[in-house]
1. Give the residues of segment 35-81 that are among the basic types (Lys, Arg), farther than 30 Å from HIS117 by Cβ and exposed (fewer than 15 other Cβ atoms within 10 Å of the Cβ), sorted by residue number.
2. For segment 53-109, how many residues are more than 30 Å from HIS13 (Cβ to Cβ) and assigned to a helix (DSSP H, G or I)?
3. Return the pair list, or none, for Cβ contacts closer than 7 Å from residues in segment 192-203 that are in contact (Cβ under 8 Å) with a residue 12 or more places away in the chain to residues that are surrounded by 14 or more Cβ atoms within 10 Å (Cβ to Cβ) and of a type in the set (A, V, I, L, M, F, W, C), at least 6 apart or on different chains.
4. If we scan segment 98-111, do we find a residue that is under 24 Å from LEU124 (Cα atoms), more than 35 Å from the chain's Cα centre (by Cα) and of a type in the set (Asp, Glu)?
5. Of all residues in segment 2-25, how many are at pLDDT below 80 and either farther than 27 Å from ASP131 by Cα or of a type in the set (A, V, I, L, M, F, W, C) (or both)?
6. Yes or no: SER114 out of contact with any Phe, Trp or Tyr (no Cβ under 7 Å at 6 or more places or on another chain) and of a type in the set (Ser, Thr, Tyr)?
7. Looking for something of a type in the set (D, E, K, R) and at pLDDT below 85 - is there at least one such residue anywhere in segment 26-39?
Amino acid sequence: MSARGQFDLVGHHLIRYEEFSPGSLAAANNVIVPPDDPTDEWARVLMHMIGEWRAVLRSAYIRWAMAINGLHVAAAKYESETLAKEFVVTSVRVDRSGADRTEVIAKYSFQEASEAHLKVQGMLCAHGFIDLYAGLEEMVFEFYRAYLSEKPDILIRGPAFAGLRKLQRESTSSEKRKKFGPKRPLTERLDEWQRKKLYDGLDKVFLAFCQKRGTPDS
């Protein structure tokens, strides 16, 4: 689960081409084609990621819909209640001795609670848009970083990155590759690049990523 409380409600199942049947073909929504050129291996990685991120973003929308549905169910329940009951909100507070205690911070009639539940929808709608945008931002940068991890030349130009270029040239052996690999200086360079790119706006970052395959410039 992510820091935003995400979890997958869609799932992502890979089917090899030899396992295809007429029934499974109808359910397929993403095709992964191995590249002929080994230098384009990044494309296969991104094709895998498309299906995974489709599940993530679709799940975000479903969670949003379920939360709003829950508000309507609760509102209908409280509105139909005929007994004189109260909707109580409690909070945990710390007393002077440092011990936790539960304190009632609000009470509403069931009719008031029904109306209040429906008013929460605006907050959930705002949260839903924020969550979807955050997911899109993560997806775009993860795609871009996967590409740049395989094509790092544009990130290590200039005198400041002479050391990284040396590591890249030496990364033919498996041992030396570890020094330049995803857990080492390249990741630090990618993190620095992403922090700066965040200020460009997601639309420009995505457009630059789409254009990257056809141009060597950043």
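The values are calculated or read from the model by the stated rules, or taken from the named source; none is laboratory data. Quick caveat, the model's predicted, so the values are computed rather than measured. Every residue, glycine as well, gets a Cβ built from its backbone with ideal geometry; the counts of neighbours run over all protein chains shown.
1. Residues of segment 35-81 that are among the basic types (Lys, Arg), as a first pass: 44, 54, 58, 63, 77.
Keeping just the survivors that are farther than 30 Å from HIS117 by Cβ gives 44, 54.
Selection gives ARG44 alone.
2. Here is the first cut: in segment 53-109, the ones more than 30 Å from HIS13 (Cβ to Cβ) are 71-109.
So of that shortlist, the ones also assigned to a helix (DSSP H, G or I) come out as 71-80.
Summing the residues that are more than 30 Å from HIS13 (Cβ to Cβ) and assigned to a helix (DSSP H, G or I) in segment 53-109 gives 10.
3. TRP193/LEU155; GLN194/PHE141; LYS197/VAL205; LEU202/LEU136; LEU202/VAL140
4. Checked against the condition, which is being under 24 Å from LEU124 (Cα atoms), more than 35 Å from the chain's Cα centre (by Cα) and of a type in the set (Asp, Glu), segment 98-111 yields no hits at all.
5. Final tally of qualifying residues: 14.
6. Working: out of contact with any Phe, Trp or Tyr (no Cβ under 7 Å at 6 or more places or on another chain): no; of a type in the set (Ser, Thr, Tyr): yes.
No: the conditions fail for SER114.
7. Let us first name the residues in segment 26-39 that are of a type in the set (D, E, K, R), namely 36-37.
Next cut, at pLDDT below 85 only: 36-37.
So far as segment 26-39 goes, yes, one or more of its residues are of a type in the set (D, E, K, R) and at pLDDT below 85.
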